[in-house]
Amino acid sequence: DAGVTQSPTHLIKTRGQHVTLRCSPISGHKSVSWYQQVLGQGPQFIFQYYEKEERGRGNFPDRFSARQFPNYSSELNVNALLLGDSALYLCASSSDRGGNQPQHFGDGTRLSIL
Amino acid sequence: AQSVTQPDIHITVSEGASLELRCNYSYGATPYLFWYVQSPGQGLQLLLKYFSGDTLVQGIKGFEAEFKRSQSSFNLRKPSVHWSDAAEYFCAVGGNNFNKFYFGSGTKLNVKP
């Protein structure tokens with residue numbers, strides 16, 4: 001079975017632009033979470049979506065938004081990009097939304113802001 | 001507030017030696033605890049998880065971890081390290097209501113030949 005897939009793998013943008021990152025969860029998984037991992041740090045929670053509704057939000061500005069589609073795939077959108085948004089963006093899926101559900105991670109999208 | 005601390009930023013061990021990576025957590029209720037491993041340029045792979053019951057849990061690749069409630073710790077161990085274990089290791093605690101995981105800052109493991 002395919003794991004969590006993310007696209008694109010790498011992206012270079014300039015300040016002020018916007019970006020859309022995409023994630024396809026493991027088949028049958030209804031929960032998708034997004035994390036930001038800055039170099040040298042652990043992943044920081046951005047959003048969780050379950051059954052197409054936002055179920056959790058981390059401490060990120062409103063420039064960050066996301067959505068989940070009927071097939072459970074998800075998009076993360078970031079507007080007005082800042083240099084500090086340079087990071088690895090990880091998508092994780094799980095079969096259910098509880099904190100006891102192991103999350104399965106994709107390989108991430110490396111976003112570089114110039 | 002929930003948090004995870006990994007006190008060791010870098011650890012170097014010789015191949016064949018034993019390994020212990022430390023993790024301390026702060027969480028009000030019974031925690032759901034996880035260890036993940038990340039190779040350069042890749043996502044995180046789940047090594048093992050603890051929910052309840054037996055405090056010693058076995059994972060993949062010969063890893064195990066022990067939950068100690070009195071010390072708020074969930075240390076990762078391996079009896080004999082292989083060169084392929086060189087990677088970064090993250091401890092995480094799961095929240096109650098949704099998949100908000102709190103991750104530690106990671107421990108980078110180097111393995112000497």
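Apart from one condition, A:Arg55 fits all of (1) more than 9 Å from chain B (Cβ to nearest Cβ); (2) assigned to a strand (DSSP E or B); the exception is (1). Among residues of the stretch B:53-83 being under 16 Å from B:Glu20 (Cα atoms) and part of a helix (DSSP H, G or I), the one that is nearest to the other protein chains (Cβ to nearest Cβ) is B:Ile60. Could you tell me whether A:Gly84 is under 26 Å from B:Gln6 (Cα atoms) and open to solvent by less than 40 Å² (accessible area, probe 1.4 Å)? No; evaluated as a whole, the condition is false for this residue. Evaluating B:His10 against the criteria (1) closer than 17 Å to B:Gly104 by Cα; (2) surrounded by fewer than 17 Cβ atoms within 10 Å (Cβ to Cβ); (3) more than 14 Å from chain A (Cβ to nearest Cβ); (4) in contact with a strand residue (DSSP E or B) (Cβ under 7 Å, 6 or more places away or on another chain) leaves one unmet condition, (3). Collect the residues in the stretch A:27-50 that are over 12 Å from the mean Cα position of the chain (by Cα), in contact (Cβ under 8 Å) with a residue 40 or more places away in the chain and either in a strand (DSSP E or B) or within 12 Å of another protein chain (Cβ to nearest Cβ) (or both), keeping them in residue-number order. Passing the criteria: A:His29, A:Lys30, A:Val38, A:Leu39, A:Tyr50.
Of the residues B:Gln45, B:Gln38, which is within 14 Å of chain A (Cβ to nearest Cβ), touching a residue at least 24 places away in the same chain (Cβ under 8 Å) and either surrounded by fewer than 16 Cβ atoms within 10 Å (Cβ to Cβ) or of a type in the set (S, T, N, Q) (or both)?
Within the list B:Gln45, B:Gln38, the selection yields B:Gln38.
Considering the stretch A:47-58, the residues that are crowded, with 21+ Cβ neighbours inside 10 Å and touching a Phe, Trp or Tyr at 6+ places or on another chain (Cβ under 6 Å) include one that is nearest to A:Gln17 (Cα to Cα), namely A:Phe47. For beta carbons closer than 8 Å, sequence separation of 6+ or different chains, a first residue in the stretch A:91-113 that is in contact (Cβ under 8 Å) with a residue 24 or more places away in the chain and in a strand (DSSP E or B) and a second that is of a type in the set (Phe, Trp, Tyr) and open to solvent by 10 Å² or more (accessible area, probe 1.4 Å), the qualifying pairs are A:Cys91/A:Phe105; A:Ala92/A:Phe105; A:Ser93/A:Tyr72.
For the stretch A:59-78, which positions are in a loop (DSSP other than H, G, I, E, B) and buried (at least 16 other Cβ atoms within 10 Å of the Cβ)? If the condition is that a residue be in a loop (DSSP other than H, G, I, E, B) and buried (at least 16 other Cβ atoms within 10 Å of the Cβ), then A:Phe60, A:Tyr72, A:Ser73 are the ones that fit. For B:Val111, are the conditions met, namely being farther than 23 Å from A:Ile46 by Cβ, open to solvent by less than 40 Å² (accessible area, probe 1.4 Å) and either touching a helix residue (DSSP H, G or I) at 6+ places or on another chain (Cβ under 6 Å) or within 11 Å of another protein chain (Cβ to nearest Cβ) (or both)? Yes. Given the condition open to solvent by less than 70 Å² (accessible area, probe 1.4 Å), within 29 Å of A:Arg15 (Cα to Cα) and over 14 Å from the mean Cα position of the chain (by Cα), answer yes or no: does some residue in the stretch A:93-105 qualify? Within the stretch A:93-105 (the criterion being open to solvent by less than 70 Å² (accessible area, probe 1.4 Å), within 29 Å of A:Arg15 (Cα to Cα) and over 14 Å from the mean Cα position of the chain (by Cα)), the answer is no, since none of the residues qualifies.
Taking the stretch B:61-83 as the range and being open to solvent by 70 Å² or more (accessible area, probe 1.4 Å) and free of Cβ contacts under 8 Å to residues at least 24 places away in the same chain as the test, the residues that pass are B:Lys68, B:Arg69, B:Ser70.
The values are calculated or read from the model by the stated rules, or taken from the named source; none is laboratory data. Not measured: the values here are computed from a predicted model. Don't worry about glycine lacking a Cβ; one is built from the backbone with ideal geometry, like all the others, and counts go over all protein chains shown. In case anyone asks, the SASA skips ligands and DNA or RNA and just uses the protein heavy atoms, side chains included. Shrake-Rupley method; radii C 1.70, N 1.55, O 1.52, S 1.80 Å.
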